[in-house]
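Asker: Below is one structure. I have some questions about it.
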Amino acid sequence: MEKKNIDWANLGFGYVETDKRFVANYKDGAWDKGALISDSTVAISECAGVLQYAQTCFEGLKAYTTEDGHIVTFRPDLNAARMKASCERLEMPVFPEERFIQAVSDTVAANEAYVPPYGSGATLYVRPFMFGSSAVIGVSPADEYQFRVFTTPVGPYFKGGVKPLTIRVSDFDRAAPHGTGHIKAGLNYAMSLYAIVDAHQKGFDENMYLDPATRTKVEETGGANFLFVTRDNKVVTPKSDSILPSITRRSLVTVAKEYLGLEVEEREVAFEEVKDFAECGLCGTAAVISPVGKIVDHGNEICLPSGMTEMGPVTKKLYETLTGIQMGRIEAPEGWIHVIK
């Protein structure tokens, strides 16, 4: 299929409407068969559950053109499983995992002309999401829901090259103990908006959230998990019941162990330890790893030895290996690459 006339090299990380999206509706206790449609608008009641009580969750993944010309997605089964967990926690009907993967595949295939070519640095971002669509005025779950998948081509997250971030220790809590921090609920991100805007206004790129119970342990940022590297090249990732289980972070852990032969610890990380690490990165779908060069704790600067000019050596190897797997340059573990075409 002929590609759309898009300047792939200069794409930003924003929304570009594509031709098709998948839509399925839940009513009378069952999901309909769903369909690919052209209309990008959503029509719901002014009293819809999503508008009144934020009953919504979402996922994010990417489709790529690999070195050998295939269009693939990366570990969509984990996105399906994570959305299932989100739905269960928010009293929403689960969209079956196998149907989730098929809906993603069908939507990407229907928008093949928008999948950027190999080597462009761009990808097709895929956004599955669900929301309560029926009217709800008393505080209770909606009776009807809509599940949708749309796509948008996006450029490389780091335009002009990777630059390590400066982040701050936030005075705000991202999630409550025993709350919804471990699921991908829209309300979690709404709660982080004030903190991130405030951080940007004060010259920081992101927030480091500490655990809400004791404020002594590292949790995550508003939209990414942390990954640290010790001075003897051990990879350490925070473990907590109130952080989102990042698919990228879990994949990097496997890469560190199985591809690079590094020791990995998934454990609680005391904030006091941060000053002793050699490297720090933020793991997420958009950038894979965003390197961190400086962490500021109420005026006290912690400068990582990896510096403010480039990724640290271990972080860079992790990044290059995982992106190599995603793009087909390096053989992937079984089941990681889902071929669409």
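The values are calculated or read from the model by the stated rules, or taken from the named source; none is laboratory data. Computed from a predicted model, the values in this text were never measured in an experiment. Using ideal geometry, Cβ is built from the backbone for each residue, glycine included, and neighbour counts are taken over all protein chains shown. Side chains are part of the model used for accessible areas, which takes the heavy atoms of the whole protein and leaves out ligands, DNA and RNA. Shrake-Rupley method; radii C 1.70, N 1.55, O 1.52, S 1.80 Å.
Asker: Sketch the reach of a paramagnetic label on LYS163 as a point 7 Å from Cα along Cα-to-Cβ, and name the residues of region 279-323 whose backbone nitrogen lies under 11 Å away.
Answerer: 309
Asker: I've got another one for you. Would you mind calculating the gained length between SER45 and GLU310 on full extension (0.36 nm times residue separation, minus the Cα-Cα distance), in nm to one decimal?
Answerer: Contour length minus Cα-Cα distance gives 90.5 nm.
Asker: Taking H as built 1.01 Å from N, whose amide H comes closer than 5 Å to the amide H of LYS217, not counting residues under 5 places away?
Answerer: ASP211, PHE271
Asker: Would you mind computing Rg(Cα) / (2.2 N^0.38 Å) for region 158-220, counting N as its residues?
Answerer: Here the answer is 1.21, to two decimals.
Asker: Same structure, new question: Cβ neighbours within 10 Å, averaged per peptide: list 185-194, 29-38 in order, most packed at the top.
Answerer: For the peptides 185-194, 29-38, the packing ranking is 185-194, 29-38.
Asker: Apply the a/c threshold of 1.5 to the C-alpha gyration tensor of region 147-276 and tell me whether it is rounded, prolate or oblate.
Answerer: It is rounded, given that a/c, with a ≥ b ≥ c, falls under 1.5.
Asker: Highest first, please rank the peptides 324-332, 129-137, 260-268 by the mean number of other Cβ atoms sitting within 10 Å of their residues.
Answerer: Highest to lowest by the protection proxy: 129-137, 324-332, 260-268.
Asker: I would also like to ask the following. What percentage of the solvent-accessible surface of region 1-159, computed with a 1.4 Å probe over protein heavy atoms, is contributed by carbon and sulfur atoms?
Answerer: Looking at region 1-159 in its full context, I get 51 percent from C and S.
Asker: Now, a different point. Counting only protein heavy atoms and using a 1.4 Å probe, what share of the accessible area of region 287-341 belongs to carbon plus sulfur, as a whole percent?
Answerer: So the carbon and sulfur contribution to the accessible surface is 49 percent.
Asker: Using modelled amide H (1.01 Å from N, peptide plane; none on Pro or chain starts), what sits under 5 Å from the amide H of THR18, excluding residues fewer than 5 places away?
Answerer: THR151
Asker: Per residue, what volume in Å³ does the Cα convex hull of region 34-179 take up?
Answerer: 164
Asker: If you average the sequence gap of Cα pairs under 8 Å that are 6 or more apart and divide by the length of the chain, what percent do you get for the contact order?
Answerer: 19 percent.
Asker: Tally Lys/Arg at +1 and Asp/Glu at -1 over every other residue whose Cβ is under 10 Å from the Cβ of THR216; what's the total?
Answerer: Charge balance near THR216 sits at -1.
Asker: How far is the Cα center of region 106-173 from the Cα center of region 64-96, in Å?
Answerer: Between the Cα centre of region 106-173 and that of region 64-96, the gap is 12 Å.
Asker: Take the Cβ-Cβ distance between ASP297 and GLU258 as r, set R0 to 25 Å, and report the resulting FRET efficiency rounded to the nearest 0.05.
Answerer: Computed FRET efficiency for ASP297 and GLU258 comes out at 0.15.
Asker: Also: Just to be sure I understand the model, the point goes 7 Å from the Cα along the line to the Cβ. What's the resulting LEU36 to LYS4 distance in nm?
Answerer: About 1.4 nm, to one decimal.
Asker: Give me D for region 205-251 in µm² s⁻¹, whole number, from Stokes-Einstein with Rh from the Kirkwood sum over alpha-carbon pairs, 10 °C and 1.306 mPa s.
Answerer: Answer from the Stokes-Einstein relation: 138 µm²/s.
Asker: Percent relative contact order of region 1-98, based on C-alpha pairs within less than 8 angstrom and at least six residues apart?
Answerer: Once divided by the residue count of region 1-98, the mean separation gives 16 percent.
Asker: Please work out how much length the chain gains when fully extended from GLU266 to GLN201, using 0.36 nm per residue of separation minus the C-alpha to C-alpha distance, in nm with one decimal.
Answerer: Here the segment from GLU266 to GLN201 would lengthen by 20.1 nm.
Asker: Quick one: 3J(HN,Hα) in Hz for region 120-136, Karplus 6.51/-1.76/1.60 with θ = phi - 60°, rounded, Gly and Pro as x.
Answerer: 7, x, 9, 9, 9, 7, 10, 10, x, 7, 9, 8, x, 9, 8, 5, 9
Asker: At what distance in nm do the modelled label points of GLU91 and GLU273 sit from each other, each positioned 7 Å from its Cα along Cα→Cβ?
Answerer: The two pseudo-label positions are separated by 3.8 nm.
Asker: Run the numbers on region 141-228 and let me know its relative contact order in percent, using alpha-carbon pairs under 8 Å that are six or more apart.
Answerer: Relative contact order, region 141-228: 27 percent.
Asker: Where only protein heavy atoms count, and the probe is 1.4 Å, what is the accessible area per residue for the chain in Å²?
Answerer: 45
Asker: Using the Cα centre as the reference, give the magnitude of the dipole from point charges on the C-beta atoms of region 155-308 (Lys, Arg: +1; Asp, Glu: -1; all else neutral), rounded to the nearest 20 debye.
Answerer: For this selection, approximately 420 debye.
Asker: Among 139-150, 54-65, what's the highest-first ranking by average C-beta atoms within 10 angstrom per residue?
Answerer: 54-65, 139-150
Asker: Long-range amide H contacts for PHE13: which residues qualify at under 5 Å (H placed 1.01 Å from N, peptide plane, sequence gap of 5 or more or a different chain)?
Answerer: Those lying under 5 Å, H to H, from PHE13 are GLY155.
Asker: Still on this model: Let me make sure I get this right: for region 116-194, a, b and c are the square roots of the gyration tensor eigenvalues over alpha carbons, sorted descending. Under 1.5 in a/c it's rounded, otherwise prolate if a/b > b/c, else oblate. Which is it?
Answerer: Here region 116-194 falls in the oblate category.
Asker: Let me ask something additional. Length gain on complete extension for the stretch ILE137 to GLN102, per 0.36 nm per residue less the alpha carbon to alpha carbon distance?
Answerer: Stretched fully, the ILE137-GLN102 segment lengthens by 9.2 nm.
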